[in-house]
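Structure first, then comments.
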Amino acid sequence: MQLDRKNNLLIVSYILTIFILFSIGLFNQYSALGGWTPAFKSHCLKTIIVFLGFFSAFFIKEHVLERLIPVGYFLSILLLFFVEFKGITVKGATRWIQFGSLTMQPSELAKIFTPLMSAHLIYIFRQDDSKKMILAVIIANLIPFILILKQPDLGSAILVVSAGLLPFLS
């Protein structure tokens, strides 16, 4: 009984902290963008989407997350391929995809799902030969690394492969 109350307080404090950080960001954008402008409205929409995504992901059970990791990883790879054909070029770099009024950078998804996929592969191959595990993790990291490097975005490519190899340390 005491553990549940402690966990509930922890969850509420996490959500409250994230909400406060989002609010500070919105106030900052409001003043920087000069009030209730179309750019600020777009930022508010993106903030609401991210907060709802965070809030819903916070309550996903581990076994559901385990099934979503490969889906998210392959979706990020698919979107990285999509950048090659339908990406938006800004200042010589093709890194963004536009969906209506929203623009996204698929390398940001790769930064989340590549390390998760590495950990997932390590878990899957934990009983097998370590050479298979190492090869699977290296291939899973090389694919987004090469696709992001072609955009060109060396910083994100290095960050993705570095984060993707971190599960080996644990």
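The values are calculated or read from the model by the stated rules, or taken from the named source; none is laboratory data. Note that the structure is predicted; figures quoted are calculated from it, not measured. All Cβ positions, glycine included, derive from the backbone under ideal geometry; neighbour counts span all protein chains shown. All accessible areas refer to the heavy atoms of the entire protein, side chains included, with ligands and DNA or RNA removed. Shrake-Rupley method; radii C 1.70, N 1.55, O 1.52, S 1.80 Å.
Residues of the stretch 102-141 with an amide N closer than 17 Å to a point placed 7 Å from the Cα of L75 along the Cα-to-Cβ direction: 102-118.
Taking every protein chain into account, the 1.4 Å probe leaves M104 with about 50 Å² of accessible area, to the nearest ten.
For Y123, the solvent-accessible surface with a 1.4 Å probe is about 110 Å², rounded to the nearest 10.
Would you compute, from DSSP H runs of 4+ residues alone, the mean residue ellipticity of the chain at 222 nm, taking -39500 (n - 2.57) per run and dividing by the full residue count, rounded to the nearest 500?
After summing the helix terms and dividing by the residues of the chain, the value is -26000 deg cm²/dmol.
Ranking F55, S107, F22 by how far each Cα lies toward the positive end of the dipole of the chain (charges on Cβ) leaves F22 at the top. Could you compute the longest span of the chain free of trypsin sites (Lys or Arg not before Pro) located in DSSP loops and having at most 16 other Cβ atoms within 10 Å, not counting the site residues? The answer is 1-60. Scanning the chain for long hydrophobic helices, with DSSP H runs required to stretch 15 angstrom or more by C-alpha along their axis and to average at least 1.0 on the Kyte-Doolittle scale, returns 38-58, 62-86, 130-149, 154-165. Neighbours of D153 by Cβ distance under 14 Å: Lys/Arg scored +1, Asp/Glu scored -1, total +2.
Between the alpha-carbon centres of the stretch 3-46 and the stretch 59-133 there is a gap of 25 Å.
Once neighbouring chains are kept in place and the probe is 1.4 Å, which whole percent of the accessible area of the chain is contributed by carbon and sulfur?
On the way: 8090 of 11420 Å².
Summing carbon and sulfur atoms, their accessible area is 71 percent of the total for the chain.
Selection among I77, I97, V64 by position relative to the dipole of the stretch 51-105 gives I97 as farthest towards the positive end (Cβ unit charges, Cα centre).
The magnitude of the dipole of the chain, with charges of +1 and -1 set on the Cβ of Lys/Arg and Asp/Glu and taken from the Cα centre, is near 180 debye. Using a simple spin-label model with pseudo-atoms 7 Å out from Cα toward Cβ, L149 and F85 lie 2.4 nm apart. Basic side chains Lys and Arg get +1 at the Cβ, acidic Asp and Glu get -1 at the Cβ, and with that the dipole of the stretch 78-138 about its Cα centre reaches some 120 debye.
Label positions at V12 and F58, each projected 7 Å from the Cα along the C-beta direction, are separated by 1.2 nm.
Please calculate how many Å² of accessible area the chain carries per residue, with a 1.4 Å probe and no DNA, RNA or ligand atoms counted.
For the chain, the solvent-accessible area averages 67 Å² per residue.
Using the alpha-carbon positions of the chain, Rg (one decimal) and Dmax (whole number) come out as 18.9, 59 Å.
Among residues other than F85 with Cβ under 15 Å from its Cβ, the summed charge is +2 (Lys and Arg +1, Asp and Glu -1).
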